[in-house]
1. Return the distance in nm (one decimal) between the two label points of a simple spin-label model at GLU37 and LYS191, each offset 7 Å from Cα along Cα→Cβ.
2. If you take every residue apart from GLY132 with its C-beta less than 14 Å away from the C-beta of GLY132, what net charge results, scoring Lys and Arg +1 and Asp and Glu -1?
3. Kindly state, to the nearest 0.05, the FRET efficiency for THR83 paired with PHE51, given R0 = 41 Å and r defined as their beta-carbon distance.
4. Length gain on complete extension for the stretch ASP74 to ASP137, per 0.36 nm per residue less the alpha carbon to alpha carbon distance?
5. Where only protein heavy atoms count, and the probe is 1.4 Å, what is the accessible area per residue for segment 100-193 in Å²?
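The values are calculated or read from the model by the stated rules, or taken from the named source; none is laboratory data. All values reported here derive from a predicted model rather than from experimental measurement. No Cβ is skipped: glycine too gets one built from the backbone with ideal geometry, and neighbour counts run over all protein chains shown. Areas reflect the complete protein model, heavy atoms only, side chains present, ligands, DNA and RNA absent. Shrake-Rupley method; radii C 1.70, N 1.55, O 1.52, S 1.80 Å.
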Amino acid sequence: MSSVANIVVSMIADLGKFESDMGRTAKNQSARMKSMERDAQNAAKAIGVAFVAAAGAMTAIVIKSINAADAIRDMSIKTGISTAALSEYDVAAKMAGTTLEAFTGGINKMQRSMIEATEGSKKQSEAFLKLGLSVNDLLKLSPEKQFEAIADKLDKLGNAAEKTAISQAIFGRGAAALAPLMEGGAAAILKTR
């Protein structure tokens, strides 16, 4: 019977040790769960910050796009060129190393030069005559087609000095900024549009 008592005492001791081990395990698991919970909260905060930053960046892109579209609409009103054509010329101008603003400034000066030629201005009349262009025929075209027709004729001139003088007579001081865009005439312009 003493061996039964020994077994019972041994089992009670083992049970006590088991309960103690289970208690330590429960405490360790509880600490790990709290650590995982903190990590999850920190990750959620980081994701939230990233989401807010991404939303801010997208908002800035949308605002910039709206402003660009607004600027092109304003230029369309000022020049008589469609917004679609201006968007194409924006790309073409950048590819030629100039700006859409230089292009629209040149268009405005070109249109004034044509009106001055019809009113008898010798300088403008001679410039169009040297290109072999009729101002009355040009005035029947859209502004971008007028530009392309002039670019075609300028491209065919062999004399660089004459090309510069005529270009300046038609486009004013902005002629130099437009020269790379007009290089190759209408065909080159249409390729980049």
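1. The answer from the label model is 6.9 nm.
2. Values: positive: LYS130, LYS153, LYS156, LYS163; negative: GLU126, ASP137, ASP152, ASP155, GLU162.
Summing Lys and Arg as +1 and Asp and Glu as -1 gives -1.
3. Working: r = 34 Å, r/R0 = 0.83.
Plugging the Cβ-Cβ distance into 1/(1 + (r/R0)^6) gives 0.75.
4. Details: separation 63, 0.36 × 63 = 22.68 nm, distance 2.68 nm.
Contour length minus the Cα-Cα distance gives 20.0 nm.
5. On the way: 4730 Å² over 94 residues.
Spelled out: the 1.4 Å probe surface of segment 100-193, per residue, equals 50 Å².
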